[in-house]
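S.K.: Pasting a structure here, questions to come.
The values are calculated or read from the model by the stated rules, or taken from the named source; none is laboratory data. Since the model is a prediction, treat every value here as computed from it, not as a measurement. Because the Cβ atoms are built from the backbone with ideal geometry, glycine has one as well, and the counts that use them run over all protein chains shown.
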Amino acid sequence: MEQASPIDQIAERVERLLLRYEELQRTNALLTQQVATLTQERDSFKSRLSAARSRVDALLERIPASAIPSATTATTTPTDSRF
């Protein structure tokens with residue numbers, strides 16, 4: 001088997017580099033799309049969390065002060081022995 005000339009070796013390496021470059025471009029495009037999707041999903045979750053917090057705060061405001069146990073009662077009477 002004859003040895004390839006330096007030009008042929010360089011051409012082969014350039015071809016492999018071009019294929020690798022195209023593969024990395026496709027991977028990058030997929031990852032960019034994935035980041036955009038996850039960012040949108042995160043923003044949606046943040047919005048839903050904010051709305052839920054607002055609803056909980058509104059409900060807490062409706063609870064009479066006499067119905068809320070004091071901090072000392074809550075700390076001296078554990079409801080779950082695992083904690």
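S.K.: Is it the case that VAL14 is under 34 Å from the mean Cα position of the chain (by Cα) and either loosely packed, with under 10 Cβ neighbours inside 10 Å or at pLDDT 95 or above (or both)?
M.R.: Working: under 34 Å from the mean Cα position of the chain (by Cα): no; either loosely packed, with under 10 Cβ neighbours inside 10 Å or at pLDDT 95 or above (or both): yes.
So VAL14 fails the test.
S.K.: Still on this model: Note down all Cβ pairs under 9 Å where the first residue falls in the stretch 45-73 and is of a type outside the set (A, V, I, L, M), the second is part of a loop (DSSP other than H, G, I, E, B) and modelled with pLDDT under 80, and they're at least six residues apart or on different chains.
M.R.: These pairs meet every condition: PRO69/THR77.
S.K.: Which condition from (1) outside any helix (DSSP H, G or I); (2) modelled with pLDDT of 95 or more is the one that ARG53 breaks?
M.R.: Of the numbered conditions (1) outside any helix (DSSP H, G or I); (2) modelled with pLDDT of 95 or more, the odd one out for ARG53 is (1).
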